[in-house]
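Readers should treat all values here as calculations from the given coordinates under stated rules, not as data from a laboratory. The shown structure was predicted, so the numbers you read here are calculated from the model rather than taken from an experiment. Cβ placement follows ideal geometry from the backbone for every residue including glycine, while neighbour counts extend to all protein chains displayed.
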Amino acid sequence: NAGVTQTPKFQVLKTGQSMTLQCAQDMNHEYMSWYRQDPGMGLRLIHYSVGAGITDQGEVPNGYNVSRSTTEDFPLRLLSAAPSQTSVYFCASGRAESTDTQYFGPGTRLTVL
Amino acid sequence: KNEVEQSPQNLTAQEGEFITINCSYSVGISALHWLQQHPGGGIVSLFMLSSGKKKHGRLIATINIQEKHSSLHITASHPRDSAVYICAVKASGGSNYKLTFGKGTLLTVNP
């Protein structure tokens with residue numbers, strides 16, 4: 001199993017550009033989520049999904065969109081990038097009936113100029 | 001004030017030392033997680049606790065629900081234990097999926 005994969009690993013954007021961060025898992029997990037990690041702060045939940053077709057907002061959803069058309073994929077879209085979105089983004093997945101273990105992807109380091 | 005506070009923020013130890021990292025939280029919780037983030041950035045779940053104590057190899061995690069406090073202990077520390085250790089809590093009555101994270105404790109173990 002590849003586990004949770006994220007692409008790209010690094011990305012530089014200009015203010016106002018849009019892009020999609022990809023996340024995929026091959027463990028048939030119902031639950032998937034996106035976090036951002038900023039210096040001096042804990043991980044913060046952006047959006048999450050408990051199954052295909054179901055998404056919900058986390059703590060810091062503004063400026064981001066998600067969709068979940070398949071169990072495997074959970075892309076995160078930045079609609080119009082801003083410098084405040086410079087961060088490291090982590091995707092995670094887990095079984096819906098339990099949060100005993102969340103499996104994290106390797107992260108995407110995004111810089112918005 | 002953060003709902004989840006970790007101490008210390010930074011910890012340097014010599015190989016072989018016993019390590020303790022603390023996590024305090026201010027809300028009622030149904031579960032607490034300990035995670036490890038390696039220098040390369042990858043994050044791994046270590047433990048999920050709702051009461052008592054869990055042990056995995058040289059790692060021991062304890063929780064005191066009444067005192068709203070958890071500790072992560074590392075026995076016979078080794079340089080490969082160098083990482084950021086993160087505490088996260090799931091609030092009682094909240095979504096099954098929403099965790100609140102501490103800022104992490106950076107542990108450096110010198111040979």
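The set of residues in segment A:12-42 being farther than 22 Å from A:ALA2 by Cβ and of a type in the set (A, V, I, L, M) consists of A:VAL12, A:LEU13, A:MET19, A:MET41.
Of all the numbered requirements in (1) within 9 Å of chain B (Cβ to nearest Cβ); (2) in contact (Cβ under 8 Å) with a residue 60 or more places away in the chain; (3) in a loop (DSSP other than H, G, I, E, B), A:ALA81 misses one, and that requirement is (1). Being within 12 Å of chain A (Cβ to nearest Cβ) and among the polar types (S, T, N, Q) is a property that B:GLN66 lacks. Could you list, ordered by first residue, the pairs with Cβ atoms under 9 Å in which the first is in segment B:54-70 and touching a residue at least 24 places away in the same chain (Cβ under 8 Å) and the second is among the hydrophobic types (A, V, I, L, M, F, W, C) and exposed (fewer than 15 other Cβ atoms within 10 Å of the Cβ), at least 6 apart or interchain? Close Cβ pairs (under 9 Å, with a partner that is among the hydrophobic types (A, V, I, L, M, F, W, C) and exposed (fewer than 15 other Cβ atoms within 10 Å of the Cβ)) amount to B:LYS68/B:VAL27.
Selection of segment B:34-50 for residues being within 8 Å of chain A (Cβ to nearest Cβ), surrounded by fewer than 16 Cβ atoms within 10 Å (Cβ to Cβ) and within 14 Å of the chain's Cα centre (by Cα) yields only B:VAL44. Residues that are more than 10 Å from chain B (Cβ to nearest Cβ), assigned to a strand (DSSP E or B) and surrounded by 15 or more Cβ atoms within 10 Å (Cβ to Cβ) within segment A:29-64 comprise A:TRP34, A:ARG36, A:ILE46, A:HIS47, A:THR55, A:TYR64, listed in sequence order. Among (1) in a loop (DSSP other than H, G, I, E, B); (2) of a type in the set (Gly, Ala, Ser); (3) under 10 Å from the mean Cα position of the chain (by Cα), which single condition is B:SER77 missing? All conditions pass for B:SER77, except number (3).
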